[in-house]
């Protein structure tokens with residue numbers, strides 16, 4: 001009996017000893033997040049720890065219960081882990097009940113996965129005897145522009161040489177007429193542009209040389225030794241290039257996606273200018289599509305570098321004709337009775 005009583009007392013003492021240092025947490029009154037500042041590379045994950053505090057200072061880990069949101073437009077959050085996207089400095093906010101805590105994260109660009117060589121008129125025309133500066137822009141998987149690093153350049157087709165002049169810039173100098181490619185490489189990533197070297201354009205030279213003619217009237221001979229016949233006129237030394245003349249080297253073409261967005265924007269505005277189809281029938285309904293079509297064609301011929309998308313103006317015209325013809329057919333058809 002005494003043995004059982006001693007064992008019970010010992011067990012009670014042990015339980016009281018273990019629970020004596022445990023203090024129950026009260027209502028959570030504030031949150032903290034760690035780390036409060038971090039620097040990560042685009043595409044990598046950063047975990048955050050969220051801790052709740054009560055009025056007495058007792059803490060509890062709420063990482064699995066708090067909700068995290070990010071201002072990064074291309075980043076993502078899953079549970080308590082943030083995956084970086086767009087380069088820049090963003091805010092991470094942890095929320096629990098009506099409490100919040102914030103942290104700052106700086107995202108740096110990730111590895112290079114894409115290169116873009118400019119200018120690129122597809123193909124790029126360069127007169128022989130001139131030169132052209134090419135620039136390579138590097139991007140990561142999240143379309144962040146990557147700076148730093150080196151780009152290797154080479155010329156294919158034996159049409160010239162290329163020498164790097166800056167971090168991602170190189171100067172191409174043609175050595176013969178023909179077609180080749182300028183290639184930029186960064187690690188395993190590359191991009192290239194077709195280059196056509198044309199004949200150097202030479203201005204038309206008309207040389208007129210006049211001098212005294214001392215030949216007597218009716219004389220058919222000339223006194224070459226004495227230099228008495230020095231009448232030379234209209235010497236035409238015109239040289240024309242065999243290839244189409246290249247456009248000015250100052251032309252900087254828009255990137256191809258810009259022309260695609262131009263056409264899509266024109267198409268959307270054209271549809272909205274013809275809407276609604278059958279609820280209104282203005283007499284001058286064709287004015288809006290006409291102005292839009294003229295504006296789109298003006299932008300193309302003002303900013304295009306030959307020969308970027310030569311079929312684009314025809315596509316704009318066909319779209320305008322098709323859309324207005326369909327609208328006119330709908331407009332002239334009888335309206336349904338209510």
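A short reminder: the numbers here are calculations on the coordinates, not readings from a lab. Worth saying up front: this structure is predicted, and the values here are computed from it rather than measured. FYI the Cβ positions are ideal-geometry reconstructions off the backbone, even for glycines, and counts take in every protein chain you see.
Details
- Across q = 0.15, 0.16, 0.18 Å⁻¹, region 114-198 modelled as identical point scatterers on its alpha-carbon atoms has Debye log10 I(q)/I(0) values of -0.49, -0.55, -0.69, in the order of the q list.
- Inter-probe distance in nm under a simple model that places probes 7 Å from Cα toward Cβ, at residue 89 and residue 181: 4.3 nm
- Here region 28-108 is treated as an ellipsoid with the same Cα gyration tensor; its semi-axes, largest first and in whole Å, are 24, 11, 10.
- Once the C-beta distance of residue 141 and residue 332 is scaled by a Förster radius of 51 Å, the resulting FRET efficiency is 0.45 to the nearest 0.05.
- Each residue, residue 154 and residue 60, gets one label point 7 Å from its Cα in the Cβ direction; the gap between the two is 6.4 nm.
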